[in-house]
1. When Rg is the radius of gyration of the Cα atoms in the range C:9-159 and Rh is its Kirkwood radius, what does Rg/Rh come to?
2. Run a plain Debye calculation on the range A:2-45 (Cα atoms as equal point scatterers, no solvent) and give log10 I(q)/I(0) at q = 0.21, 0.25 Å⁻¹, rounded to two decimals, same order as the q list.
3. Where Lys and Arg each count +1 and Asp and Glu each count -1, what net charge lies around B:Asp196 among other residues with Cβ under 10 Å from its Cβ?
4. Starting with the fewest neighbours, write out B:Glu156, C:Glu179, C:Glu238 ranked by other beta-carbon atoms found within 10 Å of each beta-carbon.
5. Based on DSSP, what percent of beta bridges with both residues in the range B:11-231 are antiparallel, to the nearest 5?
6. So for B:Asp196, C:Asp91, fewest C-beta neighbours within 10 Å to most, what's the order?
7. How far is helix B:399-425 tilted off the main Cα axis of chain B, in degrees rounded to 10, range 0 to 90?
8. Mind giving me the nanometre distance, one decimal, between the label points for B:Arg206 and B:Ala283, set 7 Å out from Cα along Cα→Cβ?
Amino acid sequence: MTGDLLYLFIGFSAVWLGIFGYLVYVTGRVRGVRDELHDLKGQLDAPQAGREAPNH
Amino acid sequence: MQTTRPTSPAIVADDLYVRLGQRNVLRGVSLALAPGERMAIVGPNGAGKTTLLRALAGLLRPRRGRIALRGSQSPEDPAARGGLGFLGHRPPLYPHLTARENLAFAARLQGVPEGGERIQSALVTVGLAADANRLVRHFSRGMQQRLGLALALLAEPEVVLLDEPDASLDSAGVDDLPRMLDALAPRAAVLFSTHDERVAHALGARIVRLQAGRLTDDPPNKPDPVPPAARAQTRPRPPGFGRALWAMIAKDARVEWRAREQVPTLLMFTLLAAVVFDMAFIAALGSEVAAVAVGVLWISVLLAATLAGTRLFATEYERGTLDGLLVAPVDPSGIYLAKFALLALETAFVGIAQLVFLSLLLNVSLFQAPTIGAVLLAAAAISAILALQSSLVVSARAREMLMPLLAIPPAVPVLLAGVGITLGALQVTPAGQQGAWFGLLAVIAVVFLALGTVLYPHAARG
Amino acid sequence: MREVRTTELPGPGRLAILREPATAALYAALLLSMGLAIFMAFLFAPAERVQADVYRILFVHVPSAWLAFFAFGVVALGSVMYLIRGRARWDRLALASAEIGVLFTTLCLVTGSIWGRSVWGVWWQWDPRLTTTLIMWFIYVSYLALRSYIDDPDIRQRMASVVGIVGVVSVPIVWFSVEWWRSLHPTPSITNPGGGMPPEMLTALLVSVAAFTVFYVVLVRQRMQLELAVAELGILRERLHERNEESA
């Protein structure tokens, strides 16, 4: 009986670890990519003022 | 037969945007050519000249904007490509066919009469009459370019797109270009790229400059009206689906016959598989020999099909001949079906050969009607799956690694059905379920052929 | 440049995403339904006659299987719509759903294996449903592999869509495998009335399926946002590159 409960415990742990692990991983990457986006946007906006003659 | 209103331009690009990878290669290109007009695109490397020509030929799909060839037809419409001659920066030639055979294949896809004068006059015009029956793989780069021009102009197209036609031609060849165009496509609108403005002047072409994906000196968008006399022309009618399909299968068979790239190697692979698998199962050869024979048969069929399937589209892609097929006025699903037929023939051949090898090596009576039937039907089913997968991996990195991963899982039911039928035939398991297994094979073949026919055209164009 | 759209970037801060009302509501629904599902799985549903408590693994095993099917159905839908409409959004849906489908298929195989070990005494059986599920898993792993092997986004999206459509053929095969071949798996007891499941057990299972479905929605949203942000990053990099080129 305790053996059975152990399997039950392992099964549920595997599922919760899998799903939450994935959620945490994806959320972390979203945050990382968005930070990088912020940086790039900053770069894109900043030197624009310095340059003369927009190309249109 | 083609009737366009006299005022309609031959080539129109309207506000074209094309992206390759993350790069916007074309950024709002508009141009128009009247019938008979010639235009040269000049610009530095990476300006987008090749991309523009490929997009106009329908080989790249624009993200935005409109393309119309010969009036109002999109290049994605096979009928519109009937009047299109395209030469990319690599001529779409089969190295194991002769110059004449390459032209004859193109003629069949374009609906140009094969026995007619046209092939001979094209060969004479580009100066290859003496080399007509030599294999293209012995041709110099310049001769290949001349043959590429003959191919592009073979069907007397109304729209001609040439990517650096002067590339790798000797000075005599470059001087000859105007004469070749005048002789083979006198009434065509010609749009070409070049680095040499003298070529543009020699061809009497208007020059436009492409820089970083934009035309810098805007050409007038309204082409001059054309004299009506220039339109009296009859087009060869593109071949029917069946004729084009047959032309492609026959071409592949001839290439294989000359090159012997696949069949002998597959045969040796099959024999080798029989030997190594038998050795691996040596402990079972006494009591379970029939089961071992069945397993070895189907594993080697699956592996050989995967091996051949990886090369199926890749060879055409690497030679640049896939572009030639996609530009031809043929429904692209025909390309899938032709490749399916080739792979099915090769797989069936391997399977039959393995039946013989295993019967001899293991003394098992595998060579029976149900087993042969299963091999033939399974070859069709596996090939229907793998031909589609093969078209998907052409532009992938490490396609040899990817192909087995992509191809084997969906082919597992074919393997199971084959094993089921063969075990029944050898009386390892009670016969009786064979009908169901044959049914499964037929269903897989039909379902995947249908999927491939519908989906390949989506995968084909970049 | 007109075609570049960018997402609304939430400001810095760890829990910034929760400031969007839709997201906050979704997370609340997730917590509630998950809590309820766990309560019902362990306390509401009665113990089984033969298997006692270990059968409760059913409450994660079956929802995983259901969501794998559902996710792969969404992959096919996204792929078809991408090929018809050409909007990258559909491809992002397909990709997100494929990745999550593979996750749930893995969990389904793992929980099934653990359950099998305790009931049949072995980790693996060549049972039709197990075998077909494993093949389905391979097909969608190869879908993800294909994506990672093609660099050009447009080509990648189109090639993947074809695999996404072809792959869905495996779903009905897994579903009907228990009826076509003799199997250790029970035939569906939800769609089949009088299938022998006590009503409390069935209710707990349905709640569990619902909770997992909410989880699927949360995951897909998050994964799609990641993909959108990555695509924007590429566009911004290219724009920066173009501008440097032009000003040079």
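Bear in mind that the values in this text are calculations on the coordinates, not laboratory data. These figures come from a predicted structure and were not determined experimentally. Here Cβ is always computed from backbone atoms with ideal geometry, including for glycine, and neighbour counts include all displayed protein chains.
1. On the way: Rg = 19.3 Å, Rh = 18.2 Å.
Answer for the range C:9-159: 1.06.
2. -0.71, -0.81
3. Details: positive: B:Arg198; negative: B:Glu164, B:Asp166, B:Glu197.
Residues close to B:Asp196 contribute a combined charge of -2.
4. Numbers: B:Glu156 21, C:Glu179 11, C:Glu238 16.
With the fewest neighbours first, B:Glu156, C:Glu179, C:Glu238 line up as C:Glu179, C:Glu238, B:Glu156.
5. Values: 17 of 34 bridges.
Looking only at bridges with both residues in the range B:11-231, the antiparallel portion is about 50 percent.
6. On the way: B:Asp196 14, C:Asp91 26.
Fewest to most other Cβ atoms nearby, the residues stand as B:Asp196, C:Asp91.
7. So the inclination is approximately 40 degrees.
8. Spacing of the two 7 Å Cα→Cβ label points: 8.1 nm.
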